[in-house]
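The values are calculated or read from the model by the stated rules, or taken from the named source; none is laboratory data. Quick caveat: nothing in here was measured; it's all calculated off a predicted structure. Backbone-built Cβ (ideal geometry, glycine too); neighbour counts: all protein chains shown. Please note that ligands, DNA and RNA were not included when accessible areas were found on the heavy atoms of the full protein model with its side chains. Shrake-Rupley method; radii C 1.70, N 1.55, O 1.52, S 1.80 Å.
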Amino acid sequence: MKPCYIYSAVSISAQHTFDSGLGLLEPLALQPNKVNAHHPLYKSYIPPAALRRMATGVKMGVTAGKKALENANIIQPDAIVIGTGMGCIEDTETFLNAIIKNDEAYLTPTAFIQSTHNTVGAQIALGLQCKAYNNTYVHGALSFESALLDGLLQVEDDSASTVLVGGLDELGKEFIDYIDLIEDKNEGITVPFSEGASFFVLGAIKQQHAVQLKAIKTFSALTLENVRSVFMAFLKENACPPETIDALILGHNGSKYDHYYTEAASCFPKTTVQLKYKQCIGEYFTASAFGLYLGVTLLKNQDLPSLLTCGDTPKKPLKISIIYNQYNGRDHSLILLSL
Amino acid sequence: MGIVSAIGHSVSENLDALLNSKPGITSISSVKTHHANTIKVGEVKRSNADLIKALQLPEHTNYTRTALLGCYAAKQAIQNANITAINSYRTGFISSTSVGGMDKTEIHLKDFATNKAVQKYIKSHHAGDSTQKIADTLGIDGFVTTISTACSSAANAIMLGAKLIKSGRLDRVIVGGVDPLSKFTINGFKTLMILSESDCRPFDADRSGLNLGEAAAYLVLESQAIVEKENKKVLAYISGYANANDAFHQTASSETGEGAYLAMTQALKTAQLNPSQIDYINAHGTATANNDLSESVAIKRVFGETIPDFSSTKAFTGHTLAAAGAIEAVYSVLALQNQVVFPNLNFKTTIPETGLQPVTTIKRKPIKHVLSNSFGFGGNCSTLIFSKL
Amino acid sequence: MSNLKQELKENIIELLNLEEFSVEDINDNDALFGDGLGLDSIDALELMVMLDKDYGIKLTDPKEGKEIFQSIAVLAEYIEKNRTK
């Protein structure tokens, strides 16, 4: 079994992350309910003939994917694996509204074609003329993690020497308001709904300062009582006692299910730094891909952004990190990184 | 294995229809559409209310038709595999869908803001919802995910399942896919002008497009260790799999069938088989002008002058989109179990460019290896190979 | 006729999101597909719906489109001859 390293990490988010690392020196304030990503100039990355049909998510994915490959000096990956919770909701809304408005008449195919969940993976393959393995996961808050596991499997068993893995979701224009409408106003999510794309290149050969993706585990359902035993088992499987974990990256979104993070944090000593990030980038099904972006950047730069840390931040080298996410008490994921 | 399709609500009903050349293509009744008179579909003749009753769910659930069909087929698969304690082994669940909760969203979208009674379907819209409901019904808490690569989705779900067992991460995994008919997909395919007004004719020179279908199918994959420990009867082995991309066009397949060619050759390589060892190809064969020509070219490139017996079963079921790979995996296993090639219905004339002749009547013969193709939008091409020991 | 050509150019730019083109960039005899405007088969389907919706011309076979969508000049001539609205 081969080890799996992360060669590059790129993120488009509600902050200036695309151009400048964590981009949190001058944080952008978020609107309360929903927030668009801080978009790069897509014209610089995508030819006009392709760009003219692309909705926000496709633009974000293709651009973040392109930059991740460039940063890793890879022209053609051996696999492209994408995770997206809501898929291409913008074009889905466009086509569905056209059906309703025109009562099934005068419909054109572009929005339908682009609404297919695998559009981003397909457009990246088309742009690169990449005939390799191509897959798309669409499982709510585990969409990105499923894609990451697929990539890890392929590097480990040597069926791919490099894999482009990405997680992305676009906000859309209509459906998000319905989701916001039914969110519990007292106990529900308090950070804004948002969008973003975080892309990574995985590979088997150790490069200088490369962060290793050691393990990933997901659970469809997990009771609060079982969080501790699941964490302990995960640490044991990977031969990392709690005190070896330098940073714990948590997906707090302000809802009553944040208790899960409190429980998880209680598994670790005070010397483990805790970080949360959704107050800066908002919540969406693949927000945890930003969590991984944060983890990788943290280990690479050895820099703790004070906006994200909670409690004491002891000064010490950051070598091992765990990223834990869940959504409304379901779809739990644990990712282990080491330097 | 468990299956519900236009030709039957169980594995044995499906087999019976296949053996007796009884297709399930009819006019549409489950979805209200202005196109009802100009399309034909492969519809599961059980209403949502029937399915809710059969699954013993509360009357006012927020189960979409996707979740209902999926639960129905997945429960069968568990029974069929004689599984009583699902969590006695590390068990995962991988589903696939392209419609997701759209069957309800397309009805209620404009009521979501104001009608409290239908707001329950807001949460069931995303594609992972039906998977989660099926996993919960089966009692699977661990690894659960959903794949959506258009019409090759379920083949990729089966492939991932096989890889997770091979890597030792899981001992058992239930894999497959589900898609109901929906107004959204009917109109989408209509805009592409690839829906046939009559019964579809895969691989025929005069084919005029596809019939959409709805279905769900799941297969239980288990590690060799479980098989030995429990002395279980094995229906078939997954011996080869591959996923490649045509990288040609967002919806159309290339003239050379490059993606399909790569998927088939790589699957043969993982199975360590020569093309001549394939006894039957269950083709993707949607009956669109583009797919059948491109697939035929790819088959010729892989198999040369000696083309194995092949057929598309889509004239029985319609094209069941994300479920198709799972439906046809079940049929591939049935072909191995019963040593029979299922017929390609409605075929008359060979495609002039390729001259390939599918099997058109039931053909009994020794079958050891079956190759099954599933291709989708976005250039996604996947091939699975099922073998008998 | 020249009004129709102008109208077609405007509509096509709008419909197909051809942001990098303006009406002046498109000559009446430029090829719409391939080397000219670079349109493809999906655009052809979009144009067929436009013919139906704006001019009451129904095409059922995408192959017919190939002849008609050669250039703005050919398209305008076809519309003049066949329009029902």
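Brief remarks follow.
- Along principal axes, Cα extents of chain A, largest first, whole Å: 63, 48, 37
- Cα-based shape type of region B:237-387, given that a ≥ b ≥ c are square roots of the gyration tensor eigenvalues and the cut on a/c is 1.5: rounded
- Distance (nanometres) between label positions extended 7 Å along Cα→Cβ at A:Lys316 and A:Asp184: 3.7
- DSSP assigns beta bridges within region B:2-230; of those with both partners inside it, close to 55 percent run antiparallel.
- FRET efficiency for B:His60 and A:Asn36, using Cβ-Cβ distance with R0 set to 35 Å, rounded to 0.05: 0.45
- Whether chain B is rounded, prolate or oblate, judged on the alpha carbon gyration tensor where a/c under 1.5 counts as rounded: oblate
- Once you reduce region A:34-105 and region B:301-351 to the center of their Cα atoms, the two points are 35 Å from each other.
- Pair A:Asn71, B:Glu197: separation of 7 Å Cα→Cβ label points (nm): 5.5
- Structural descriptor for chain C: relative contact order 33 percent, calculated from alpha carbon pairs under 8 angstrom and at least 6 residues apart.
- Share, in percent, of DSSP beta bridges within chain B that are antiparallel, nearest 5: 65
- Residues whose placed amide H lies under 5 Å from that of A:Gln274, excluding near-sequence neighbours: A:Leu248, A:Cys310
- Tail fraction, Cα-Cα pairs, the protein assembly as shown, threshold 47 Å, whole percent: 18
- Between C and B, roughly 400 Å² of accessible area is buried in total, ligands, DNA and RNA not counted and the probe set to 1.4 Å.
- Principal axes of chain C: Cα extent on each, largest first, Å: 31, 26, 19
- Between amide H atoms placed 1.01 Å from N, distances below 5 Å from B:Tyr89 occur with no residue 5 or more places distant or on a separate chain.
- Between region B:196-246 and region A:159-184, the alpha-carbon center distance in angstrom: 29
- Distance between region C:39-83 and region B:10-81 - C-alpha centres, whole angstrom: 40
- When restricted to Cα atoms, region A:109-238 yields an Rg and a Dmax of 18.2, 52 Å, respectively.
- Within the accessible surface of region C:2-82, defined with a 1.4 Å probe on protein heavy atoms only, the carbon and sulfur portion equals 43 percent.
- Put a plus charge on the Cβ of each Lys and Arg, a minus charge on the Cβ of each Asp and Glu, and nothing anywhere else: the dipole of the protein assembly as shown about its Cα centre is then about 2300 debye.
- The three principal axes of the Cα atoms in region A:122-190 give end-to-end lengths of 49, 26, 14 Å, sorted in falling order.
- Helical segments meeting 27 Å axial Cα length and Kyte-Doolittle 1.0 threshold in chain A (DSSP H): none
- Under 17 Å of direct C-alpha separation, and excluding same-chain neighbours fewer than eight residues apart, B:Lys232 reaches these aspartates and glutamates: B:Asp171, B:Glu222.
- Using the Cβ-Cβ distance between C:Glu77 and C:Ser22 with R0 set to 25 Å, the FRET efficiency works out to roughly 0.60.
- Residues whose amide H lies under 5 Å from that of C:Gly36, counting only those 5 or more places away or on a different chain, are C:Ala31; hydrogens are built 1.01 Å from N in the peptide plane.
- Sequence of B:Lys110, B:Lys365 from largest to smallest accessible area, 1.4 Å probe: B:Lys110, B:Lys365
- Probing with 1.4 Å while keeping every protein chain in the model, the per residue accessible area of region A:245-339 equals 32 Å².
- Beta bridge orientation in region B:237-387: antiparallel %, DSSP, nearest 5: 75
- In this structure, B:Leu389 and B:Lys269 have a Cβ-Cβ separation that, at R0 = 22 Å, corresponds to a calculated FRET efficiency of about 0.65.
- For region A:213-338, the relative contact order comes to 40 percent (Cα pairs under 8 Å, sequence separation of at least 6).
- For the residue pairs B:Lys269/B:Lys388; A:Lys2/A:Lys217; A:Lys278/B:Lys75; A:Lys173/A:Lys214, alpha carbon separations beyond 28 Å are given by A:Lys278/B:Lys75; A:Lys173/A:Lys214.
- Percent RCO, i.e. relative contact order, over chain A, from Cα pairs under 8 Å lying at least 6 residues apart: 24
- Each chain gives up part of its surface: B and A jointly bury about 5100 Å² of accessible area, both sides summed, for a 1.4 Å probe.
- Using a simple spin-label model with pseudo-atoms 7 Å out from Cα toward Cβ, A:Lys300 and B:Thr38 lie 5.3 nm apart.
- From largest to smallest, the equivalent ellipsoid semi-axes obtained for region B:1-95 from the alpha-carbon gyration tensor read 27, 19, 11 Å.
- GluC sites (Glu not before Pro) restricted to region A:108-192 and DSSP loop, no more than 13 other C-beta within 10 Å: A:Glu187
- Protein heavy-atom accessible surface, 1.4 Å probe, per residue over region B:1-84: 46 Å².
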